[in-house]
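One structure is given here, and the rest of the page talks about it.
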Amino acid sequence: MKINAHNCQRKKRVPAFLLAMVMPLSLFGCGSSDDDSGTGYIQLYNLSSNAPGIYLTVDKYDDDDFDENTHSEITFTQVSSRLTYDTDTYDIELAWQNEYNNQSDLEIVYENQLKVASDTVEFVVIAEDIKAPNVLVYDIPVRDDDEVDDDNDDEVFNIRVLNMHTLSEGVDFYYSEADETFNEAVLLNQTTYTTMADNQKLNQDDYIFYLTSAGSDEVLYTSQDISFPYASEYILVIRENQGVGTSPFVIDKISTSATVEYPDTNAEASYQVYNGIVEHELLPEYEQTVDFHINGIDDTPEVSSLGFREFSQSIVTDSGDYSMSLVTPQEQSIILNNHLLALNENTDKTIFFYLLEEAVDEDGDGDIDEDGDGHIDETEITINSLLVDNNQSESIYSHQMKVVNLIDQDEIIDDFSSVKVYFVRSDEIIETAEQSLTAAFATPSSVTLLNNTYTIYVIGRLDSSDIILSSTELTLTEESKDQFIILEKDSDSDTGYRATLSPQSSEL
C-alpha cells in the first residue's frame, strides 16, 4: 500500500484532525484483513531536504486508555530502526521540535491513521518541502523463517528499488558485477517517481549500480562497488544529489536500521581556503598573504594572494588525494609544503591554515623558563592545516554552528587551551543558556540552533575567574546559512580576542 498526502503545519497542542487524503495502492499484492493479529513494524525515512530532525509519534486510544510513544528524531536521509507494534490501527504524527529539550511542544507537519498489519513493515517516507510534505507509506512484507533459511542456503539477498527523484520521465536502474562495466550491465528496474519496485533476489556478491534516463544508454550515475555478503534485505533509494557533484543522483542503501549514502563514483568535490596565519618574527618572509597550490608549486596557484583572515571562493575539482602547499606571493618562499588534502566524492571542505607557537624544552626537564625571568627561553613555530567538512544541510528551521578555535595556548601567559561558547536567547543569561559547547584548540565543535536571535559569548577561564573573550549577536531565519564561528587572538580588540562568523561554504 502507498499512501500519499500533503499536510499543513500546526502545533501539537492543537486538537488533532485528519488532514490527509488517503489513496490506497497495492504495491505487493499483500493486503491484510481486519482480523490480523500479531505484530508488525513502522520504519521512518526522512527525505525532506529542508527539514530538521523529524519525530514520529504513535498514539493508541483503547476505551478509556491512551498510549503515546514519541520516537527519537530522524535527520535528513536517515532511517529509524524497525519499531515493533501490535497489529492495530494507530494515529501517527510527524513533527519537528521547535523548543530545546521539549518533546511536548512539537510542530506537527503530518498526521493520519496508520494500520499496522501482521508481519509487515509500514515504511513511512516524508519527502519534498517540509512546509507541505509529501508523506508516503509502503507495505513491505517481512520474510518468514523458511524464506530466510532458503535465502541463506541459496546465498542470495533481497533488494527493492524506490525512486524518490523527481526526474519526470523516470529512470532505468542497472547493475553489473564489480569487475564489469556498463557494457555488461543488466536492467533491474524501470521506475518513476515514488514507485517502489517488487522485491528481487540477487546472488550475494559485490555490485556496481548505474542510472540512465528512461530508455537511454547515457549513464548519469555510477556507484562504487557495493558489497552484499549476507541474506539480508535492502531498499535502494534513488534521490536527488544535495552535494557539490554534477551527477543529479545519489543512492541510499537502507537496511533494517541504518542508511549508507553512495554518491556518484565520478562526483567532484569542492573546497575553500582560510588564511588564519598570524605574523611572527620567526616567519619574516610572510606578510599576511599566501598563494595556495595543490600537487606541486607552479606558476598558477589555485588561490592567489589570500589575505589574513580571508576565505577564498569555493573551488570545484575532481575527488581524490592531493598535496597542498603555501608560498609567499612575491618571494615564493615556502611556508608549508606537501600537506594532505583528501577530497571524497561529493564533499565540501574548508581548509584552515594557522600558526602554532610552542616553547622549546631542549633538556627535556619540563622547565621552559630556565632563568626564571617569567618569559619562555625559546620558541618554535609550525604552520598547520585543519580540514573541516562543511555542512550541506538545507534545513530552514535550524542551522549548524561549527566553532573553530584558533586561539593558541601560551604556557607562560596561560592562554585558554579550551573555551566555552554560549548561545544566549533574550529570555536567558549565560548561566541558564540551553545551548553551549566547549571548543578545544584546532578541534571543530558544532551545535544545531533553532531559528531565533542569540548573543554569542566566548568565555575563557583563568584560575577561578571566567573571562569574556568576545560577544556578538546572531539572528537565524529560514534564509540563514550554516555558519563557522572562528575564534582567534586579536591585538586590536579590547579583550585581545575575537569571534568571526562566516558561512560554512561560499557560493560556487
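The values are calculated or read from the model by the stated rules, or taken from the named source; none is laboratory data. Given the structure is predicted, the values throughout are model-derived calculations rather than measurements. Cβ: placed from backbone, ideal geometry, glycine included. Neighbour counts: every protein chain shown. Ligands, DNA and RNA are stripped out before the accessible areas are found, and what is left, the full protein with its side chains, is counted by its heavy atoms. Shrake-Rupley method; radii C 1.70, N 1.55, O 1.52, S 1.80 Å.
According to the square roots a ≥ b ≥ c of the eigenvalues of the Cα gyration tensor, what is the shape class of the range 30-173, taking rounded for a/c under 1.5, prolate for a/b larger than b/c otherwise, and oblate for the remainder?
Oblate is the answer for the range 30-173, as a/c is 1.5 or above yet b/c matches or exceeds a/b.
With every protein chain left in place, what is the accessible area per residue of the range 49-89 in square angstrom, probe 1.4 Å?
52
Based on the mean of other beta carbon atoms within 10 Å per residue, what is the order of 328-337, 286-295, most packed first?
Highest-to-lowest ranking by the protection proxy: 286-295, 328-337.
What nm value, rounded to one decimal, do you get for the distance between GLN224 and THR379 when each label is placed 7 Å out toward the C-beta?
The two pseudo-label positions are separated by 4.2 nm.
Rolling a 1.4 angstrom probe over the protein chains, ignoring ligands and nucleic acids, what is the accessible area of ILE381 in square angstrom, nearest 10?
Only protein atoms counted, so the area is about 40 Å².
Take each of the peptides 254-261, 241-248, average the number of other beta-carbon atoms within 10 Å over its residues, and list them starting from the highest.
Peptide ranking by packing, descending: 241-248, 254-261.
Taking the full set of protein chains and a 1.4 angstrom probe, give the accessible area of TYR354 in square angstrom, rounded to the nearest 10.
20
Taking all protein chains together and a probe of 1.4 Å, list THR455, THR495 from the most accessible to the least accessible.
Accessible-area ranking of THR455, THR495, largest first: THR495, THR455.
Just for the Cα atoms in the range 241-335, what are the lengths along the principal axes, largest first, rounded to whole Å?
Extents along the principal axes, in whole Å: 59, 27, 19.
Can you bin the range 137-197 into rounded, prolate or oblate? Criterion: square roots of the alpha carbon gyration tensor eigenvalues sorted a ≥ b ≥ c, rounded for a/c under 1.5, prolate for a/b above b/c, oblate for the rest.
Oblate, since a/c reaches 1.5 and b/c is not below a/b.
If you roll a 1.4 angstrom probe over the protein chains with everything in place, what fraction of the accessible area of the chain belongs to carbon and sulfur, to the nearest %?
The C+S portion of the solvent-accessible surface of the chain is 42 percent.
Per-residue counts of other Cβ atoms within 10 Å, averaged by peptide: what ranking do you get for 216-225, 189-198, highest first? Don't jump to the answer; show the numbers that get you there.
Values: 216-225: 15.9, 189-198: 17.6.
Ranking the peptides 216-225, 189-198 by packing returns 189-198, 216-225.
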